[in-house]
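The values are calculated or read from the model by the stated rules, or taken from the named source; none is laboratory data. All of these numbers come straight from a predicted model, not from anything done at the bench. Positions of Cβ are generated from backbone atoms using ideal geometry, with glycine treated the same way; all protein chains shown enter the neighbour counts. Ligands, DNA and RNA are stripped out before the accessible areas are found, and what is left, the full protein with its side chains, is counted by its heavy atoms. Shrake-Rupley method; radii C 1.70, N 1.55, O 1.52, S 1.80 Å.
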Amino acid sequence: MRPSVRLHRLAAILLVVFLLTTVWAAYYLYAETHPTGGAPSSTVVATYAEAGANSFAAALRPSELYNNSTEIYGGNVTLFTAITTWVNVSLLYLLTVNRTASIQVNESFVVTLSTSAWSKTLYTVTNGTIVPATSAVALETRYSVNISAVVALAQTIGTELGYPSVTFALTLQPTYASSIVVGAATEAISSTPVFNLTFSGATVRPGGLDYRASGELAVPAPSSTSSPNAAVAIVALLASAGGLGGSAYVATRRPDEPELAPLGELLDPYAEAVAETGPLPVGATVVPIGRLVDLVKVADTLGKPILRPSVGADLPPELVVLDGGVAYRYRHGEVPSGPTPAPTASGNAPAAAAAGEPEANPVAAVLIERLRNETERLRTAQLEPWLSGVATDLARRSIDRLRNRQYEEATKAIDGLSRLLTDAALVAPERNRARARRRERS
């Protein structure tokens, strides 16, 4: 059973309403089941700081540069291989927390001699400590560097490889893997405060004396996994989705055809423009019009009356607008099937209908007929060459606008062509008389 037109319209309105409520209910359910702001917030329970205090003491041969001193201590200084014998390095790592915590520090210490082309590990060792309740842990590593031995080893490797280098580095790399536990918060930390001695020619430059880092320990805030409003949101979503499906089912079904109003009721606004008449003339080309309002537009455009011819009792009532050999016909309660010719005395269709013209908009049909009439006038008119060119251009423009269904522009072009031909017809006699007078004078 198909829905009535009124029910069909109501279903279309409800379809939009339920679509909006479904979207709202879905968003409301999402908001109730997902905390706002993305990931749950966290609470900071402690802060920590790391410090790497690397230092050295160099043993020297007496020299004028250092006032015959035999020791010099770490800083941003340059050492010289000719007078430096040993460099005793101290690597101190300190981890502090702003409250009592369980702290564990594990160290992996590696000494490497390297150039841009090769690298050799000289020493490795591991170290570690764990303190269950403290606020600071320190770990110190010492390493002594024999300067002449390092230089000799680098030269030996360069000679063996056939790749000598005057620049190489001795790297002391401690890697600290630490962990801090404060209550339920645990933080894993990894740091590498590297110290290096760069040998370049006859000089040695220390680097990596200081290291600093800091961070926080945090625990996530408890998040609610359920909401009392979530059940309400689910019920609202299900109800709205059901209404959406029902209204969509009704709205997508084809409604029953509305009852056709009586012709007399439709003709009330146009009663003065309708005239009773006899049957259609034999041989007229019939252009079916689907709606009475379209027939009224055709009558207004052509400036013709609306005729109501008498028809047989078994035929539906009809209204007609005659324009020459064309009859624009509206039959009450009939769906038009395209232009058809009226029957002739011989029973044959006229030539225009036999041409198989396509069904067109009623206004377009009127414009096409007007254009035919104006084209016929143009064909027989005696115009000046330039004026004939203008008229031809207007005719072509009218055809283009009709093909593109630009009816308003087509109407303007046809009106222009009509005025041009009318003015030319009025001026032609006077122009001919002027030409005759000129011939008489010559």
Task: Integer Hz, Karplus 6.51/-1.76/1.60 couplings in order for the range 170-179, x for Gly and Pro - done: 10, 10, 9, 10, x, 10, 9, 10, 10, 9
Task: Segment residue 149-residue 65, length gained on full extension (0.36 nm per residue, minus Cα span) - done: 27.9 nm
Task: 14 Å beta-carbon shell around residue 94, net charge (K/R +1, D/E -1) - done: -3
Open item on the list: Could you give each residue of the range 407-416 its phi-based ³J(HN,Hα) in whole Hz, using Karplus coefficients 6.51, -1.76, 1.60 with θ = phi - 60°, and x for Gly or Pro?
Closed with: 5, 5, 5, 5, 4, 4, 5, 5, 4, x
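Could you please report the charge total around residue 213, scoring K, R as +1 and D, E as -1 over all other residues with beta-carbon less than 13 angstrom from its beta-carbon?
Working: positive: 212; negative: 50, 187, 210, 216.
Around residue 213, the surrounding residues sum to -3.
Under a Cβ-Cβ cut-off of 14 Å, what is the net charge of the residues other than residue 400 that fall near it, where Lys and Arg count +1 and Asp and Glu count -1? Please list the in-between numbers first.
On the way: positive: 396, 397, 401, 403, 405, 412; negative: 393, 408, 409.
Charge balance near residue 400 sits at +3.
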Task: Rough spin-label spacing in nm, given labels placed 7 Å along Cα→Cβ, for residue 31 and residue 156 - done: 7.7 nm
TODO: Would you grab the residues whose amide H sits under 5 Å from the one on residue 86? Only those 5+ places off in sequence or on another chain, please, with H modelled 1.01 Å from N.
DONE: 59, 147
- [ ] Search the structure for amide H atoms under 5 Å from the amide H of residue 81, placed 1.01 Å from N in the peptide plane, and list their residues when 5 or more places away or on another chain.
- [x] 203, 204
TODO: Using the Karplus curve 6.51 cos²θ - 1.76 cosθ + 1.60 with θ = phi - 60°, work out ³J(HN,Hα) for each residue of the range 181-192 in order, rounded to whole Hz, and write x for Gly and Pro.
DONE: 10, 10, x, 8, 9, 10, 10, 9, 10, 9, 8, 9
Open item on the list: What does DSSP give for the range 108-184 in terms of the percent of beta bridges that are antiparallel, rounded to the nearest 5?
Closed with: 100 percent
Open item on the list: Tell me the accessible surface of residue 369 in square angstrom (1.4 angstrom probe, heavy atoms of protein chains only), to the nearest ten.
Closed with: 30 Å²
